[in-house]
Amino acid sequence: EPEVTQTPSHQVTQMGQEVILRCVPISNHLYFYWYRQILGQKVEFLVSFYNNEISEKSEIFDDQFSVERPDGSNFTLKIRSTKLEDSAMYFCASSEFGASGSYQPQHFGDGTRLSIL
Amino acid sequence: EDQVTQSPEALRLQEGESSSLNCSYTVSGLRGLFWYRQDPGKGPEFLFTLYSAGEEKEKERLKATLTKKESFLHITAPKPEDSATYLCAVQFSGGYNKLIFGAGTRLAVHP
């Protein structure tokens, strides 16, 4: 069964450094997403991406964050100048383009645990 | 403010003891309600999508139902392998494709 894959599974970074989280979405999916889950808290939406541009972003997704689809298979989240509060599990998800236009289920990877020291 | 609330926070069942998990929502213009299962250290695993009140979906021991204000995930004769956190998430008009998640229900099924 096709799945979303994320690398690395765990990333430890010094505060102030830049980090890039990588995702390979399911191959025929056209919508891509990043979510994060701080330990013990809800899963929170960060950004959605379609047709090579951001379609929606949350208040969390400020200038510190950026996303990119550098080729036909990868989808990345870059966090510049990381802060202690960026420590969380970051999930990538993807979904198909449904006949109705959207609202197809999002399929998630197993996440990257980001630890900022 | 749009809200998704799940109850109970945690549920302990004996193997074979059926029960229900609740997800209530206050979003305006529900477009879809999604149930996911999350195991420790893993990402959410998709279970069901419900689009309109009255809709029901079933998969093995799980059955999801939807009304205009809430959804239930019914677990019939659960087994220890059903132990996980069950997450509810909604999409709504004006929210484009983003999912708003509830905090989840941690289910433990004991033999």
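Looking at A:L77, A:L117, which one is more than 8 Å from every other protein chain (Cβ to nearest Cβ), surrounded by 13 or more Cβ atoms within 10 Å (Cβ to Cβ) and touching a Ser or Thr at 6+ places or on another chain (Cβ under 8 Å)?
On the way: A:L117 fails: surrounded by 13 or more Cβ atoms within 10 Å (Cβ to Cβ).
A:L77 is the lone residue from the list that is more than 8 Å from every other protein chain (Cβ to nearest Cβ), surrounded by 13 or more Cβ atoms within 10 Å (Cβ to Cβ) and touching a Ser or Thr at 6+ places or on another chain (Cβ under 8 Å).
Residues in region B:65-78 that are touching a strand residue (DSSP E or B) at 6+ places or on another chain (Cβ under 6 Å) and of a type in the set (S, T, N, Q) were compared, and the one that is surrounded by the fewest Cβ atoms within 10 Å (Cβ to Cβ) is B:T65. Taking the criterion of being out of contact with any helix residue (DSSP H, G or I) (no Cβ under 6 Å at 6 or more places or on another chain) and closer than 15 Å to A:S73 by Cα, would at least one residue in region A:9-18 satisfy it? Within region A:9-18 (the criterion being out of contact with any helix residue (DSSP H, G or I) (no Cβ under 6 Å at 6 or more places or on another chain) and closer than 15 Å to A:S73 by Cα), the answer is no, since none of the residues qualifies.
Pairs are defined by a Cβ separation below 6 Å, a sequence spacing of at least 6 or placement on different chains, a first member in region B:24-49 that is more than 7 Å from chain A (Cβ to nearest Cβ) and at positive phi, and a second member that is part of a loop (DSSP other than H, G, I, E, B) and surrounded by fewer than 19 Cβ atoms within 10 Å (Cβ to Cβ); the pairs so defined are B:G29/B:S93. Pairs meeting the criteria (first residue in region A:53-72 and among the charged types (D, E, K, R), second residue in a strand (DSSP E or B), beta carbons under 6 Å, at least 6 apart or on different chains) are A:E56/A:S48; A:K57/A:V47; A:E68/A:T76; A:R69/A:F75.
Pick out the one residue from A:L77, A:L39, A:L114 that is at pLDDT below 95, among the hydrophobic types (A, V, I, L, M, F, W, C) and under 16 Å from A:Q11 (Cα atoms). Reasoning before the result, please.
Working: A:L77 fails: at pLDDT below 95; A:L114 fails: at pLDDT below 95.
Answer to the check: A:L39.
Filter region B:1-23 down to the residues that are of a type in the set (D, E) and free of Cβ contacts under 8 Å to residues at least 60 places away in the same chain and list them by number. So that I can check it myself, show each step before the final result.
Kept after step one, since they are of a type in the set (D, E), are these residues of region B:1-23: B:1-2, B:9, B:15, B:17.
Answer for region B:1-23, where residues must be of a type in the set (D, E) and free of Cβ contacts under 8 Å to residues at least 60 places away in the same chain: just B:E1.
Close Cβ contacts (under 9 Å, 6 or more residues apart or on different chains) running from residues in region B:79-108 that are more than 11 Å from chain A (Cβ to nearest Cβ) and buried (at least 16 other Cβ atoms within 10 Å of the Cβ) to residues that are part of a helix (DSSP H, G or I) and acidic (D, E) comprise B:L107/B:D82. Residue count for region B:51-74, restricted to those that are in contact with a Leu (Cβ under 6 Å, 6 or more places away or on another chain), more than 24 Å from A:S58 (Cβ to Cβ) and not in a loop (DSSP other than H, G, I, E, B): 3. Out of all the residues in region B:24-50, which are part of a loop (DSSP other than H, G, I, E, B) and crowded, with 21+ Cβ neighbours inside 10 Å? Matches in region B:24-50: B:G43, B:P44. Looking only at region A:35-48, which residues are more than 10 Å from chain B (Cβ to nearest Cβ) and buried (at least 19 other Cβ atoms within 10 Å of the Cβ)? Once the filter is applied, which keeps residues that are more than 10 Å from chain B (Cβ to nearest Cβ) and buried (at least 19 other Cβ atoms within 10 Å of the Cβ), region A:35-48 yields only A:R36. Only one of the numbered conditions (1) surrounded by 16 or more Cβ atoms within 10 Å (Cβ to Cβ); (2) within 28 Å of B:G32 (Cβ to Cβ); (3) polar (S, T, N, Q); (4) in contact with a Lys or Arg (Cβ under 9 Å, 6 or more places away or on another chain) is not met by A:S87, and that is (2). Considering (1) touching a Leu at 6+ places or on another chain (Cβ under 9 Å); (2) in contact (Cβ under 8 Å) with a residue 60 or more places away in the chain; (3) within 11 Å of chain B (Cβ to nearest Cβ), the lone condition that A:F32 does not fulfil carries the number (1). For chain A, the strands (runs of 3 or more DSSP E) that sit wholly inside it and include 1 or more residues that are within 21 Å of B:L99 (Cβ to Cβ) are A:5-7, A:19-24, A:31-37, A:43-50, A:53-57, A:65-68, A:75-79, A:88-95, A:112-116.
The values are calculated or read from the model by the stated rules, or taken from the named source; none is laboratory data. Remember, it's a predicted structure, so these values are computed and weren't measured experimentally. Virtual Cβ from ideal backbone geometry, glycine too; neighbours counted across all protein chains shown.
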